[in-house]
1. Is there a residue being hydroxyl-bearing (Ser, Thr, Tyr) and either in contact with a strand residue (DSSP E or B) (Cβ under 8 Å, 6 or more places away or on another chain) or within 12 Å of the ligand (Cβ to nearest atom) (or both) anywhere in the range 88-98?
2. Please give the strands (runs of 3 or more DSSP E) falling wholly within the range 134-219 in which 3 or more residues are within 16 Å of ILE255 (Cβ to Cβ) and of a type in the set (Phe, Trp, Tyr).
3. Quick one: count up the residues across the range 32-52 that are touching an Asp or Glu at 6+ places or on another chain (Cβ under 9 Å), open to solvent by less than 40 Å² (accessible area, probe 1.4 Å) and not in a helix (DSSP H, G or I).
4. Of the conditions (1) under 21 Å from LEU117 (Cα atoms); (2) near the ligand (Cβ under 9 Å from one of its atoms), CYS33 clears all except one; give me its number.
5. Out of GLN106, GLN131, which single residue is surrounded by fewer than 19 Cβ atoms within 10 Å (Cβ to Cβ) and either part of a helix (DSSP H, G or I) or in contact with a strand residue (DSSP E or B) (Cβ under 9 Å, 6 or more places away or on another chain) (or both)?
6. Condition check: under 20 Å from the mean Cα position of the chain (by Cα), among the β-branched types (Val, Ile, Thr) and more than 22 Å from CYS350 (Cα to Cα). Does ILE65 satisfy that?
7. Mind listing just one residue for me: the one in the range 55-72 that is of a type in the set (Val, Ile, Thr) and assigned to a loop (DSSP other than H, G, I, E, B) and, of those, nearest to the ligand (Cβ to nearest atom)?
Amino acid sequence: MKAVRIGIIGCGNISSIYFEAGSKFPILDIVACADLDIERARAQAEKYGIPHACSVEELLAKPDIELVLNLTIPSSHAEIHLKALDAGKHTYGEKPLAIELKESKQILDLAAEKGLLVGTAPDTFLGGVLQTGRKLIEDGWIGKPIAANAFLMCHGPESFHPNPDFLYQKGAGPLFDMGPYYLTALIHLMGPVKRVTGSAASFAKERMVTSEINYGRKFPVETPTHVAGVLDFQNGAIATMVMSFDVWGTRLPFIEIHGTTGSMILSDPNEFGGKVLVKRQDYTDFVEMPLTHGFTTNNRGIGLMDMAFAIREGREQRASGELGYHVLEVMHGFYIASDSGQHYQLNSVCKKPELLPLELTHQGFNILE
Ligand SMILES: NC(=O)c1ccc[n+]([C@@H]2O[C@H](COP(=O)([O-])OP(=O)(O)OC[C@H]3O[C@@H](n4cnc5c(N)ncnc54)[C@H](O)[C@@H]3O)[C@@H](O)[C@H]2O)c1
């Protein structure tokens, strides 16, 4: 199958794993890269053997590029997605799809008008743990899902990130930065959300970098740092979710799904591998299940690869803009509910993305893990 020609915009921290995906997945052919800082683009082009490092405008003007991979910061996501679509290119980006719902809707509408695909990270739900969890649910191992818990409980990234400022600005914080992993996982496992409620707060006006580099530098907090929410799913299940950068220690699991005949614990949805534990009603304790699906190492880019196949096969991709929009609306819904003191009813819906076929492990996508 002919590889999809890709131009990367945004050559920062996360870009390396995507440049590596270009050599891991033969369907992806990265032919150019761009950044506001052209030196960053040049450095990555040289390191990964990419033919062209150029400006954003030059990249968008290249007629042979079919898909733009948008790895800019969240505040630039909408601008780059819209420019890529305007230039007649499919577009896939890092999470979240965009910051505001209005601009995200513009992205989906423009793509539909032009007959182009929009995809968005996270794609960790295509990894071995979350695919296995979904398969076990579908095969009836815990009965009908009725409840779930999702917890990100930590004390924020300033202990290891020398420049965590942007992670405490609008469009980030624990909910917008980490929530997409948890929400995408929950929606993949249980389907779309009907309504949410929640409370959100921050407890300090500024925080301090504690990583070795920049230790002691203070920076402002402009977004909630502790968010507790309740989600009602369309299938009737109820989930509890807490996303926090204010917690020093916890023993809570990352994700639990409780069904009518059993319970399941899943490991970190920010990763591809880990464990799936199941306790059915007649078990004395949780047992670790064998993983049904592969892709258990850091396979960021698998969602992009699925989208490349979707373009060639004329089908929908799994890490879709529609799913990313629903996730974004849930996150906004928590804040709206917290401000208004009322439940927020979701306006959007999305389909549960299809499970990856079992036989696709390794050979189907022809990858080297
Ligand atoms: N770093 C991580 O571990 C990580 C993990 C998962 C997801 N992400 C996501 O990936 C995205 C990028 O994160 P990062 O850590 O690589 O950030 P970064 O700041 O290291 O890199 C972003 C790059 O985008 C460039 N850029 C910004 N606006 C631009 C524009 N309008 N046009 C062209 N270039 C532009 C910047 O110059 C910079 O080089 C974010 O959405 C983030 O949430 C990051």
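The values are calculated or read from the model by the stated rules, or taken from the named source; none is laboratory data. As the structure is a prediction and not an experimental result, all values here were calculated from the model. Cβ placement follows ideal geometry from the backbone for every residue including glycine, while neighbour counts extend to all protein chains displayed. For accessibility, only protein heavy atoms count, side chains too; no ligands or nucleic acids. Shrake-Rupley method; radii C 1.70, N 1.55, O 1.52, S 1.80 Å.
1. First, the residues of the range 88-98 that are hydroxyl-bearing (Ser, Thr, Tyr): 91-92.
Now drop any that are not either in contact with a strand residue (DSSP E or B) (Cβ under 8 Å, 6 or more places away or on another chain) or within 12 Å of the ligand (Cβ to nearest atom) (or both), which leaves 91-92.
Yes; the residues of the range 88-98 include at least one that is hydroxyl-bearing (Ser, Thr, Tyr) and either in contact with a strand residue (DSSP E or B) (Cβ under 8 Å, 6 or more places away or on another chain) or within 12 Å of the ligand (Cβ to nearest atom) (or both).
2. Values: elements: 145-153, 193-201, 206-208.
In the range 134-219, there are no strands (runs of 3 or more DSSP E) which contain 3 or more residues that are within 16 Å of ILE255 (Cβ to Cβ) and of a type in the set (Phe, Trp, Tyr).
3. 2
4. Looking at each condition in turn, CYS33 falls short on (2).
5. Working: GLN131 fails: surrounded by fewer than 19 Cβ atoms within 10 Å (Cβ to Cβ).
Going through GLN106, GLN131 in turn, just one is surrounded by fewer than 19 Cβ atoms within 10 Å (Cβ to Cβ) and either part of a helix (DSSP H, G or I) or in contact with a strand residue (DSSP E or B) (Cβ under 9 Å, 6 or more places away or on another chain) (or both): GLN106.
6. Working: under 20 Å from the mean Cα position of the chain (by Cα): no; among the β-branched types (Val, Ile, Thr): yes; more than 22 Å from CYS350 (Cα to Cα): yes.
So ILE65 does not fit the description; no.
7. Step one: filter the range 55-72 for residues of a type in the set (Val, Ile, Thr), giving 56, 65, 68, 72.
Checking the rest, the ones that are also assigned to a loop (DSSP other than H, G, I, E, B) come to 65, 72.
Values: ILE65: 15, THR72: 4 Å.
Taking the candidates together, the pick is THR72.
Yes or no, residue by residue, for (1) near the ligand (Cβ under 10 Å from one of its atoms); (2) modelled with pLDDT of 95 or more; (3) farther than 25 Å from PHE160 by Cβ:
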{"residue": "ALA3", "(1), (2), (3)": "no, no, yes"}
{"residue": "ILE6", "(1), (2), (3)": "no, yes, yes"}
{"residue": "GLY10", "(1), (2), (3)": "yes, yes, no"}
{"residue": "ILE27", "(1), (2), (3)": "no, no, yes"}
{"residue": "ALA45", "(1), (2), (3)": "no, yes, yes"}
{"residue": "ALA53", "(1), (2), (3)": "no, yes, yes"}
